[in-house]
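Undergrad: Starting off with a structure, shown below.
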Amino acid sequence: KDGAVHFVPYSTLDAWEGSLNNLIKEFNNKLLVIKNNIKNKTDYAIDGFVIEATDEKLKEEMSHTDTHHRWQIALKEKGDTTQVVVKNIVWQVGRTGKITPVINIEPVFLSGANISKITAHNAGMIKTENIGEGAIITITRAGEVIPDFVNVKKVGKDANIPTNCYSCSKKLRWENDFLCCNNILCTSRVKVGLQYFFKEMKIDGFGEKTIEKLYNQGVRTLEKIFKMKEQDFLAL
């Protein structure tokens, strides 16, 4: 409402420091004390803790990746759960051809957010759990963020597993628990692949709608896109 963000660095909050042996021995007790102390001092929801090594030589030895320190890890708590009704399941084709099931549910308010869909792990899970329309399932918000499937409480209609790609109509194949479209010219694979490239390269202006326009104009490769002139983009 105020158009402001209140930033609270975790390093300014209460913390416990000790040896690894003591942390393992007093794990639950220590975390419970810290959690209660932080909760009493802030109005914001707590979804977990940060555990880090403090020895400088150890930190240097553990090093880091491009995205995070290896000497620092987030410990997420299990979020709230609720039961919801499955409306239907839609299938999305990824850039590698893997078909991801998205479970549409009756909207529910959970852990501070309205949830209307859950991205399932793979087609194998839908098949094994036999998740179909009308089923009642338990969901949670992993780390208080990502809507996640927990289990089936009541079965509904039989799961409807596709046999052909909805995008290119080619026969789908099973690869372990994943259902895959192996057609490299599949419309969805091409579009999602282009979006992924520009997102990873941090190049703005190539969202879903732009890629859709380019595809419809027959521009379906990176080579063609990089050969385009300013007036070509303006004509889209």
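Undergrad: Of the conditions (1) free of Cβ contacts under 8 Å to residues at least 60 places away in the same chain; (2) open to solvent by 40 Å² or more (accessible area, probe 1.4 Å), Val150 fails just one. Which one is it?
TA: If we test Val150 against (1) free of Cβ contacts under 8 Å to residues at least 60 places away in the same chain; (2) open to solvent by 40 Å² or more (accessible area, probe 1.4 Å), just (1) comes out false.
Undergrad: Which residue out of Asp14, Asp2, Asp66, Asp43 is surrounded by 12 or more Cβ atoms within 10 Å (Cβ to Cβ), of a type in the set (Asp, Glu) and either modelled with pLDDT of 85 or more or outside any helix (DSSP H, G or I) (or both)? Steps first, please.
TA: On the way: Asp2 fails: surrounded by 12 or more Cβ atoms within 10 Å (Cβ to Cβ); Asp66 fails: surrounded by 12 or more Cβ atoms within 10 Å (Cβ to Cβ); Asp43 fails: surrounded by 12 or more Cβ atoms within 10 Å (Cβ to Cβ).
Residue meeting the stated conditions: Asp14.
Undergrad: A further question on this structure: Find the residue count for the range 93-126, including only residues that are of a type outside the set (A, V, I, L, M) and farther than 17 Å from Cys181 by Cβ. Talk me through it step by step, then tell me what you get.
TA: Residues of the range 93-126 of a type outside the set (A, V, I, L, M): 94-98, 100-101, 104, 106-107, 109, 111-112, 114, 116-117, 119, 121-122, 124.
Filter once more, so that each one left must be farther than 17 Å from Cys181 by Cβ: 104, 106-107, 109, 111-112, 114, 116-117, 119, 121.
Going through the range 93-126 one residue at a time, the tally reaches 11.
Undergrad: For the range 76-95, what are the residues that are surrounded by 14 or more Cβ atoms within 10 Å (Cβ to Cβ) and β-branched (Val, Ile, Thr)?
TA: Thr81, Thr82, Val84, Val85, Val86, Ile89, Val93
Undergrad: A further question follows. If you go through the range 177-236 one residue at a time, how many are of a type in the set (Ser, Thr, Tyr), farther than 20 Å from Asn164 by Cα and either touching a strand residue (DSSP E or B) at 6+ places or on another chain (Cβ under 8 Å) or not in a helix (DSSP H, G or I) (or both)?
TA: So in the range 177-236, the residues of a type in the set (Ser, Thr, Tyr) come out as 187-188, 196, 210, 215, 221.
Those still in the list that are farther than 20 Å from Asn164 by Cα too: 196, 210, 215, 221.
Keeping just the survivors that are either touching a strand residue (DSSP E or B) at 6+ places or on another chain (Cβ under 8 Å) or not in a helix (DSSP H, G or I) (or both) gives 221.
Selection size over the range 177-236: 1.
Undergrad: Those residues that are β-branched (Val, Ile, Thr) and either open to solvent by 70 Å² or more (accessible area, probe 1.4 Å) or more than 23 Å from Thr163 (Cβ to Cβ) (or both), I need them from the range 119-147; list them, please.
TA: Result: Thr119, Thr128, Ile136, Ile137, Thr138, Ile139, Thr140, Val145, Ile146.
Undergrad: Test Arg189 against the stated conditions and say whether it is touching a residue at least 24 places away in the same chain (Cβ under 8 Å), over 24 Å from Arg220 (Cβ atoms) and crowded, with 18+ Cβ neighbours inside 10 Å. Write out each step before concluding.
TA: Numbers: touching a residue at least 24 places away in the same chain (Cβ under 8 Å): yes; over 24 Å from Arg220 (Cβ atoms): no; crowded, with 18+ Cβ neighbours inside 10 Å: yes.
The answer is no for Arg189.
The values are calculated or read from the model by the stated rules, or taken from the named source; none is laboratory data. Quick caveat, the model's predicted, so the values are computed rather than measured. Cβ: placed from backbone, ideal geometry, glycine included. Neighbour counts: every protein chain shown. Heads up: the accessible areas ignore ligands, DNA and RNA and are worked out on the full protein's heavy atoms, side chains in. Shrake-Rupley method; radii C 1.70, N 1.55, O 1.52, S 1.80 Å.
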